[in-house]
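The values are calculated or read from the model by the stated rules, or taken from the named source; none is laboratory data. These numbers were taken from a predicted model, which means no experiment stands behind them. With ideal geometry, Cβ positions are generated from the backbone for all residues, glycine too; neighbour counts draw on all protein chains shown. To get the accessible areas, we keep the full protein, side chains included, count just its heavy atoms, and leave off ligands, DNA and RNA. Shrake-Rupley method; radii C 1.70, N 1.55, O 1.52, S 1.80 Å.
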Amino acid sequence: MIRYIRHAAAFCLLLLVALLLNAGRVQVFKADDYDKNQANRRQTIARYGQPRGDILVGGRPVTGSKDSGQQLRYERTYRQGPLYAPVTGYASQTYGTSLIENAEDDVLSGTDPRLAPVPFWHEVTRGQQDGGDVHTTIDAAAQRAAFDGLGGKRGAVAAVEPDTGKVLALASTPSYDPNGISGTGSAATRDWSRLNAADAQPMLNRALKQVYPPGSTFKVVTAAAALEHGAVDDPDATTGTPSPYTLPGTATKLTNEAEGCENATLTHAFEVSCNTVFARLGVDVGLDGMVETARNFGFNDGRLRIPSAVVRSNFDSEMNDSQVALSAIGQYDTTATPLQMAMVAAAVASGGEVRKL
């Protein structure tokens, strides 16, 4: 009998050890998998169980949090929501986050390890710190001027401080109020559906996420390329450019809107925006030189963050001479975000240096 009791005791001990090992496996090695499982609402409840950190403009919060009294307790709020939506983005309990709310989510939600009082505090306690604040470089007066200046029309404004690279304004209109989609329930669902179905695309950040043909504003890049690569030695010397200018390899004649472009100097061509001069200079510089200079200004860079992601501005790296000519005046496939062209202007104002944003 004693032998059977010993066997039973040993078996129970074995089961206990297996139970402890499995508990350790679940709590230590599988913890991340269970935390990230969509069926686990504990993380979501904890995330919204405390106020979110604020996004600040000029040291003052343009966001806040309110107690909803629901299971997901604290809901994001926005002060002057449409004005700052192109900067803050949204933080929705239903639809996630965008822009700064997304790029700095770890800080704002309190999960960033840098907020812990000691290293590895979160890993040991499995707790969550209070949300941290995010200070932006946006200037409130510049943002208001940009937003009001657009007058609700489809468009965007980006302003960059030349000496520092600080982004001072990011306006995109028509805009929207993120307050309407912050929470849960039918009201948030209706507002989300309405905003996404709108022809005017109010949730599209045109300053960061939309590219446009830069047109004659790109002539700044072409002028820099011509000087950098020796296509022009003296800006005040005539360029020998005919008007109209026949695009290489074609019978297509490129004309000008301005007067005095035939055989114009680079200085005069820049002042009156001569298409013919800049198209020919693009060909003289050549594809490789144009691509290099455009890249130095920030084109073809898909890694730009401010900290929100910025879509890539494009200058093709495979073109014939006629396409290079058109690209040199901001046409053909050349596209840029408003922020990219603000970077170009800022580089000129800072003496030719593209500052890190």
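Give me the residue from segment 43-64 that is among the hydroxyl-bearing types (Ser, Thr, Tyr) and either at pLDDT below 95 or over 24 Å from the mean Cα position of the chain (by Cα) (or both) and, out of that set, surrounded by the most Cβ atoms within 10 Å (Cβ to Cβ).
Out of the qualifying residues, it is TYR48.
Which count do you get for residues in segment 175-210 that are touching a helix residue (DSSP H, G or I) at 6+ places or on another chain (Cβ under 6 Å), open to solvent by less than 40 Å² (accessible area, probe 1.4 Å) and not in a loop (DSSP other than H, G, I, E, B)?
The qualifying residues number 5.
Would you please list the contacts, defined by Cβ atoms under 7 Å and residues six or more apart or on different chains, that run from a residue in segment 335-357 that is within 19 Å of VAL211 (Cα to Cα) to a residue that is in a helix (DSSP H, G or I) and open to solvent by less than 30 Å² (accessible area, probe 1.4 Å)?
Taking only residues 6 or more apart or on different chains, the pairs are MET343/PHE297; VAL344/VAL221; VAL344/PHE297.
Give just the number: which of (1) on the phi > 0 side of the Ramachandran plot; (2) open to solvent by 50 Å² or more (accessible area, probe 1.4 Å); (3) within 24 Å of the chain's Cα centre (by Cα) does GLY330 not satisfy?
Among (1) on the phi > 0 side of the Ramachandran plot; (2) open to solvent by 50 Å² or more (accessible area, probe 1.4 Å); (3) within 24 Å of the chain's Cα centre (by Cα), the lone unmet condition for GLY330 is (2).
Would you check which residues across segment 96-108 are in a helix (DSSP H, G or I) and either β-branched (Val, Ile, Thr) or buried (at least 23 other Cβ atoms within 10 Å of the Cβ) (or both) and list them?
Those that are in a helix (DSSP H, G or I) and either β-branched (Val, Ile, Thr) or buried (at least 23 other Cβ atoms within 10 Å of the Cβ) (or both): LEU99, ILE100, GLU101, VAL107, LEU108.
Enumerate the pairs (first residue in segment 201-212 and under 9 Å from PRO174 (Cα atoms); second residue anywhere and open to solvent by less than 50 Å² (accessible area, probe 1.4 Å) and among the hydroxyl-bearing types (Ser, Thr, Tyr)) with beta-carbon separation below 7 Å, excluding pairs fewer than 6 apart on the same chain, so at least 6 apart or on different chains.
Note: pairs meeting the criteria are PRO202/SER175; PRO202/TYR176; MET203/TYR176.
State whether the residues of segment 211-228 include one that is of a type in the set (Gly, Ala, Ser) and in a loop (DSSP other than H, G, I, E, B).
Scanning segment 211-228, I find no residue that is of a type in the set (Gly, Ala, Ser) and in a loop (DSSP other than H, G, I, E, B), so the answer is no.
For segment 314-327, give me each residue that is buried (at least 23 other Cβ atoms within 10 Å of the Cβ) and small (Gly, Ala, Ser). Write out each step before concluding.
The first filter runs over segment 314-327 and keeps only residues buried (at least 23 other Cβ atoms within 10 Å of the Cβ), leaving 315, 324-325, 327.
The answer is ALA325, SER327.
Only one residue in ASP130, ASP163 is modelled with pLDDT under 95, under 22 Å from the mean Cα position of the chain (by Cα) and open to solvent by 70 Å² or more (accessible area, probe 1.4 Å), so which one is that?
Step by step, each of ASP130, ASP163 is checked, and only ASP163 is modelled with pLDDT under 95, under 22 Å from the mean Cα position of the chain (by Cα) and open to solvent by 70 Å² or more (accessible area, probe 1.4 Å).
Considering only segment 271-281, I want to know if a residue exists there that is surrounded by fewer than 16 Cβ atoms within 10 Å (Cβ to Cβ), farther than 16 Å from ALA225 by Cβ and in contact with a strand residue (DSSP E or B) (Cβ under 9 Å, 6 or more places away or on another chain). Break it down stepwise before answering.
The first filter runs over segment 271-281 and keeps only residues surrounded by fewer than 16 Cβ atoms within 10 Å (Cβ to Cβ), leaving 271-272.
The next check asks that each one be farther than 16 Å from ALA225 by Cβ; those that pass are 271-272.
Pick out the ones that are also in contact with a strand residue (DSSP E or B) (Cβ under 9 Å, 6 or more places away or on another chain) and you get none.
Checked against the condition, which is being surrounded by fewer than 16 Cβ atoms within 10 Å (Cβ to Cβ), farther than 16 Å from ALA225 by Cβ and in contact with a strand residue (DSSP E or B) (Cβ under 9 Å, 6 or more places away or on another chain), segment 271-281 yields no hits at all.
For segment 278-301: of the residues being of a type in the set (Gly, Ala, Ser) and farther than 17 Å from SER216 by Cβ, which is farthest from the chain's Cα centre (by Cα)?
Start the filter on segment 278-301 by keeping residues that are of a type in the set (Gly, Ala, Ser), which leaves 279, 282, 286, 289, 294, 298.
So of that shortlist, the ones also farther than 17 Å from SER216 by Cβ come out as 286, 289, 298.
Numbers: GLY286: 31, GLY289: 27, GLY298: 13 Å.
Residue satisfying both the conditions and the ranking: GLY286.
Could you give every pair whose Cβ atoms fall below 6 Å, whose first residue belongs to segment 305-317 and is at pLDDT 95 or above, and whose second residue is of a type in the set (Gly, Ala, Ser) and buried (at least 23 other Cβ atoms within 10 Å of the Cβ), counting only separations of at least 6 or pairs across chains?
Correct list of pairs: SER313/ALA336; PHE315/ALA294.
Take segment 286-305 and flag every residue that is surrounded by fewer than 21 Cβ atoms within 10 Å (Cβ to Cβ), hydrophobic (A, V, I, L, M, F, W, C) and under 21 Å from ALA156 (Cα atoms).
If the condition is that a residue be surrounded by fewer than 21 Cβ atoms within 10 Å (Cβ to Cβ), hydrophobic (A, V, I, L, M, F, W, C) and under 21 Å from ALA156 (Cα atoms), then LEU304 is the only one that fits.
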